Amino acid sequence: MKGAPAYLSQALAPLADTAAWKAFAEAALRADRGAGTLRVLEAAGLAVDLSTQAQSPELLEAGLALLAERDFGAWRERLLEGGIANCTENRAAWHTALRAEEPPGRVAGRVLAERDRVRAFVRHIDAQGRYDSVVHIGIGGSDWGPKLVVSALGYAGTRRQMRFVSNIDGHAIEAGLLGLDPRRTMVVVSSKSFNTTETLNNAQCALRWLREAGIADPWEHVVAVTANAEAAKRMGVAPERIFTFWDWAGGRYSVWSAIGLPIALALGAEALDGLLQGAAAMDAHFAQAPLERNAPVQLALTGLANRNVFGYASLNIAPYDARLVHLVPYLQQLEMESLGKSVDLHGQPVSVPTGPVVWGMPGTDGQHTFFQWLHQGPEGAPVDFIICREADHPYPEHHRLLVANCLAQREALLRGKPASTLETELAAKESDPERAAWLARHKAHPGGRPSTLIVLPRLTAHSLGALLALYEHKVFVQGVVWGINPFDQWGVEYGKVLATGIAEELAGKAPVGQRDPSTAHWVEAWRAAL
Ligand code: F6P
């Protein structure tokens, strides 16, 4: 299609029409789905068990042929070498450069300098001993990463009290500031664009709170992390307290940049280092491991078969680790903002469904919430089970039970339990055979439901970094096969524009616009009240 950048000139055939895709789909349908063979891939210290997913030598071959057809090798090189991987915004998606021990020459100076600044700042703050609380203000990619890591690794306590405020809902900032001593509180404002309504309004609210406490220079308490240093300066943040990253690091890929600052404030710079090292180890695996043993690649192909061949519209994430309570929303943003696209790189409709809905919560809570649907609902969903080999608490029996539950759920999803077996079992207890048959149908599990088991040695900064990078690369590979851009998010922008207009109308600064009857009704209703 005209208008696409020249480097995309090579025509991208509609995926569904390609022989490679048809062969992949046919091989998936013929593959073993009964976990006949153990299939565990090792990557950066993680074990990725794909045994209970569709597998066969034919499917493996077809997956490799599909990657070749979609020019995967060239795209991976483009990603890892900082080429234009984000074509609609005409820039690289170079988050791997942020976590490399030796960042690539083109950006090495900047990346290392900012890494050092963050660490020096944390050392200075520690030495100063002035702040015992941090209120972190940011949203989306400027919130989920630090919040996930701090809660996962700081479950047993952090070096200072950490509050994360993201939502524009005033209750969020109210709760975020509640009970803190403004004189001993640092406010970290994180926003790649420094243009996000929620973040800017919450930041102003925090500033008022500092001022109202009689702090002569509230800006002394404020730190900014942004790719738009000018906007942070205009707002009033002192240049020495502005930490930067660059437009080539996408918001949902930015935890590896100075956005990681609150992690170091909460857990020490070693946590940040470990996180980066774990992710870099996964990058090396992604770049070098043969494709048939490449965990992100195989996880991606598995997901493609589940989405497009077996028709699963969603992917459930079940971390069997209470510390990973924020992993699901983190991955929701990563997967759904990246893969929720309907148009390919050439601007043509994608010929097959793209990214699945991602949902879930930590096990075992999820078992008592929605696992019924996973086991016996008519559709079901593939599940990614994530668990640590070793726990960090002193209750071995709890870990044994946690592991048992995780393995049992997988087994139940896979094996199911046919009505005929249940009928025989029930017949022994029930005097009425008709009731036994009736009850057996209610208790039957279809089985044959796919899952992946990801085992971390322990939950450390390193293993968490590797886990997040595993998902990032999986998402990238799927984007390549679907032929979409996983690095933009135009869908989010439209709603922001509409919200700005409605906010003006609610404030009485603009007449109520041409709206549908319902929106107009509620704008009028609130206009009078707000
Ligand atoms: O949700 C849309 C989005 O643009 C995300 O991609 C981003 O992580 C978030 O808003 C926050 O943006 P910023 O970091 O620019 O405040």
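The values are calculated or read from the model by the stated rules, or taken from the named source; none is laboratory data. Values in this document were obtained by computation on a predicted structure and should not be read as measured data. All Cβ positions, even for glycine, are placed from backbone atoms using ideal geometry, and neighbour counts span all protein chains on display. Protein only, heavy atoms only, side chains kept; ligands, DNA and RNA dropped before computing areas. Shrake-Rupley method; radii C 1.70, N 1.55, O 1.52, S 1.80 Å.
Assorted remarks:
- In the range 448-500, the residues that are open to solvent by 20 Å² or more (accessible area, probe 1.4 Å) and assigned to a helix (DSSP H, G or I): His462, Trp490, Gly491, Val492, Glu493, Tyr494, Gly495, Lys496, Val497, Leu498, Ala499, Thr500
Yes/no per residue for (1) open to solvent by less than 30 Å² (accessible area, probe 1.4 Å); (2) assigned to a loop (DSSP other than H, G, I, E, B); (3) at negative phi:
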site	(1), (2), (3)
Gly3	no, yes, no
Glu26	no, no, yes
Leu41	yes, no, yes
Leu66	yes, no, yes
Gly73	no, no, yes
Leu79	yes, no, yes
Gly82	yes, yes, no
Ala97	yes, no, yes
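- Matching residues, the range 501-527, being in a helix (DSSP H, G or I) and either small (Gly, Ala, Ser) or in contact with a His (Cβ under 6 Å, 6 or more places away or on another chain) (or both): Gly501, Ala503, Ser518, Ala520, Ala525
- Residue among Thr302, Thr226 that is open to solvent by less than 30 Å² (accessible area, probe 1.4 Å), among the hydroxyl-bearing types (Ser, Thr, Tyr), more than 16 Å from the ligand (Cβ to nearest atom) and within 29 Å of Gly83 (Cα to Cα): Thr302
- Some residue of the range 339-359 being assigned to a helix (DSSP H, G or I), within 16 Å of the ligand (Cβ to nearest atom) and farther than 22 Å from Thr52 by Cα: yes
- Test: Gly34 is touching a helix residue (DSSP H, G or I) at 6+ places or on another chain (Cβ under 7 Å), in contact (Cβ under 8 Å) with a residue 24 or more places away in the chain and in a loop (DSSP other than H, G, I, E, B): no
- Considering the conditions (1) in a helix (DSSP H, G or I); (2) within 16 Å of the ligand (Cβ to nearest atom), Ala93 is excluded by exactly one of them, (1).
- Pairs with Cβ under 6 Å, 6+ apart, first in the range 188-203 and near the ligand (Cβ under 9 Å from one of its atoms), second assigned to a helix (DSSP H, G or I): Ser190/Ser142; Ser190/Ile259; Ser191/Ser142; Ser191/Thr199; Lys192/Gly251; Phe194/Ala231; Phe194/Ala232
- Residue in the range 204-213 that is farthest from the ligand (Cβ to nearest atom), counting only those that are in a helix (DSSP H, G or I) and open to solvent by 20 Å² or more (accessible area, probe 1.4 Å): Glu212
- Leu468 in contact (Cβ under 8 Å) with a residue 60 or more places away in the chain, under 31 Å from the mean Cα position of the chain (by Cα), more than 16 Å from the ligand (Cβ to nearest atom) and under 30 Å from Gln277 (Cβ atoms): no
- Comparison of Ala249, Ala216 shows that the only residue that is within 14 Å of the ligand (Cβ to nearest atom) and in the same structural domain as Trp144 (by TED's automatic domain parsing) is Ala249.
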